[in-house]
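Student: If you scroll down you'll find the structure; I have some questions about it.
The values are calculated or read from the model by the stated rules, or taken from the named source; none is laboratory data. From a predicted model like this one, the values you see are computed outputs, not experimental measurements. Neighbour counts run over all protein chains shown; Cβ positions are idealised from the backbone, glycine included. Accessible surface areas use protein heavy atoms only, side chains included; no ligands, DNA or RNA. Shrake-Rupley method; radii C 1.70, N 1.55, O 1.52, S 1.80 Å.
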Amino acid sequence: MNMFTTCRKGQRLGLFAGSGVGKSTLMAMLARHTLCDVVVLALVGERGREVREFLEDDLGAEGLARSVVVIATSDQPPLMRREAAYAAMAIAEHFRDQGKSVLLLMDSVTRFCLALREIGLSAGEPPATRGYPPSVFAELPRLLERAGPGPMVSGSVGYITGLFTVLVEGDDHNEPVTDAVRGILDGHVILDRRIGEAGRYPAIDILRSLSRSVPGCNSPEENSLTRRARSLLATYNDMADMIRLGAYRPGADPEVDEAVRTAPRIEEILRQTRGEQTDIENSFLLLQQALATDSTSRA
């Protein structure tokens, strides 16, 4: 996320993944290691057993020390689950209006929408897209658009940087809630089940993830590094089957040869354990070294 989907203060990103791909673990890492004044964590529709595990094991004392946690478990009425999301946003706005930098983590927007669907259908609204009434898609921007920069306070501006998880049903990234949230937010981070099954965590699919703030908040040199790395990873993915089958002969295409040498080093940089912390400057330095090593070997 530091290198390829850089997030600036006041931005809103979505974490899109199916169940069991590592969203909660990634959120706990962000809560513990992100530079901010306050963390507001909303657990909407989570399983009760997992809430305690998340707070004690994933978040830990270090994360809880600067966090405000709002919880409405899956057995709560839909009105409570809906209000949990709005309560967390109101708390984040309170700290932001004091000039603080707030990290808002909401897990998950999908379960917020499921609560809205229950409320809408019980009120007699007609079901529309996949059973969701139209009011669900009208309510989403009213919640998500509240994150962002706040008013000037004593010469400083507070921010709500929002990261909202979306539980992708059936790993279909074109299902209605996923598609609607992706259109509202300022970027999307895709967690891929196949990457997680291969043993690389966080299981972020670099080529499908996007942050719209990257061109403006990274330097031209950093942007050049990430563009080159994306190009090499894309080339390697396109040729992976042929390479495994032995159908590609080394030396036939210099671009493919470079991708074969460099892609494993880039993948190694992307691996991170739960307790590991890496700042942005060090991340770009590691990427620069991986790409420079290949240039040296070619020379």
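Student: Averaged over all directions, how much area does the convex hull of the C-alpha atoms of the stretch 190-299 cover when projected, in nm²?
Tutor: Result: 7.9 nm².
Student: To the nearest 10 degrees, how steep is helix 134-144 against the longest Cα principal axis of the chain, on a 0 to 90 scale?
Tutor: 70
Student: How many Å² of accessible area per residue for the stretch 184-296, probe 1.4 Å?
Tutor: On a per-residue basis, 56 Å².
Student: Further question: Could you work out the helix-only [θ] at 222 nm for the chain, with each DSSP H run of four or more residues adding -39,500 (n - 2.57) and the total divided by the number of residues, to the nearest 500 deg cm²/dmol?
Tutor: Result for the chain, helices only: -15000 deg cm²/dmol.
Student: Using the alpha-carbon atoms, what tilt in degrees (0 to 90, nearest 10) does helix 280-298 show relative to the longest principal axis of the chain?
Tutor: That helix lies at roughly 20 degrees to the long axis.
Student: Nothing charged except the Cβ atoms of Lys and Arg (+1) and of Asp and Glu (-1): what's the magnitude of the dipole of the chain about its Cα centre? Round to the nearest 20 debye.
Tutor: 260
Student: Most mobile of S213, S231, S154 per a Gaussian network model of the chain (Cα springs, under 10 Å)?
Tutor: Answer for the Gaussian network model of the chain: S154.
Student: Carbon-plus-sulfur fraction of the accessible area of the chain, 1.4 Å probe, in percent?
Tutor: Ligands and nucleic acids excluded, carbon and sulfur give 52 percent.
Student: Pull out a ≥ b ≥ c, the square roots of the eigenvalues of the alpha-carbon gyration tensor of the stretch 45-120, then state rounded if a/c is under 1.5, prolate if not and a/b is larger than b/c, and oblate in the remaining case.
Tutor: It is oblate, given that a/c is not under 1.5 and a/b is not larger than b/c.
Student: Extent of the stretch 133-267 along each principal axis, from alpha carbon coordinates, in Å, largest to smallest?
Tutor: Its Cα atoms span 60, 42, 23 Å along the three principal axes.
Student: First check a/c for the stretch 1-74, with a ≥ b ≥ c the square roots of the eigenvalues of its C-alpha gyration tensor; if it is under 1.5, answer rounded, and if not, answer prolate when a/b is larger than b/c or oblate otherwise.
Tutor: The shape class here is oblate.
Student: So for the pair E53, R130, with labels modelled 7 Å out along Cα→Cβ, what separation do we get in nm?
Tutor: Rounded to a tenth, the inter-label distance reads 2.5 nm.
Student: Rounded, prolate or oblate: which one fits the stretch 36-85, using the alpha carbon gyration tensor with axes a ≥ b ≥ c (rounded when a/c is under 1.5, else prolate when a/b beats b/c, else oblate)?
Tutor: Judged from the Cα gyration tensor, the stretch 36-85 comes out oblate (a/c at least 1.5, b/c at or above a/b).
Student: Pairs of alpha-carbon atoms within less than 8 angstrom and 6+ residues apart define the contacts here; what relative contact order does the stretch 1-99 have, in percent?
Tutor: Relative contact order for the stretch 1-99 comes out at 28 percent.
Student: Please find, in a Gaussian network model of the chain (springs between Cα atoms separated by less than 10 Å), the residue of M80, M152, M27 whose mean-square fluctuation is greatest.
Tutor: Result for the chain, Cα springs under 10 Å: M152 fluctuates most.
Student: What net charge is computed for the residues neighbouring V177, neighbours being all others with C-beta under 13 Å from the C-beta of V177, Lys and Arg scored +1, Asp and Glu -1?
Tutor: Value of the local net charge: -1.
Student: Suppose R0 equals 51 Å; then what is the FRET efficiency for D37 and A198 from their Cβ-Cβ distance, rounded to the nearest 0.05?
Tutor: 0.90
Student: Still on this structure, I have one more. Could you give the length gained on full extension between A138 and L285, defined as 0.36 nm per residue of separation minus the Cα-Cα distance, in nm?
Tutor: Result: 48.6 nm gained on full extension.
Student: How big is the dipole moment of the stretch 126-254 about its Cα centre under a simple scheme where the beta carbon of each Lys and Arg is +1, that of each Asp and Glu is -1, and everything else is neutral? Debye, nearest 20, please.
Tutor: In total the dipole reaches around 220 debye.
Student: Report the relative contact order of the chain, percent, no decimals, based on alpha-carbon pairs under 8 angstrom and at least 6 residues apart.
Tutor: The normalised contact order for the chain reaches 25 percent.
Student: Could you tell me the relative contact order of the stretch 162-299? Use alpha-carbon pairs under 8 Å, at least six residues apart, and round to a whole percent.
Tutor: 19
Student: As I understand it, the value is the acute angle between the Cα axis of helix 78-96 and the longest principal axis of the Cα atoms of the chain; what does it come to in degrees, rounded to 10?
Tutor: Once rounded, one gets 70 degrees.
Student: Largest first and in whole Å, what are the equivalent-ellipsoid semi-axes of the stretch 181-232 based on the Cα gyration tensor, each being the root of 5 times an eigenvalue?
Tutor: The equivalent ellipsoid of the stretch 181-232 has semi-axes of 22, 17, 8 Å.
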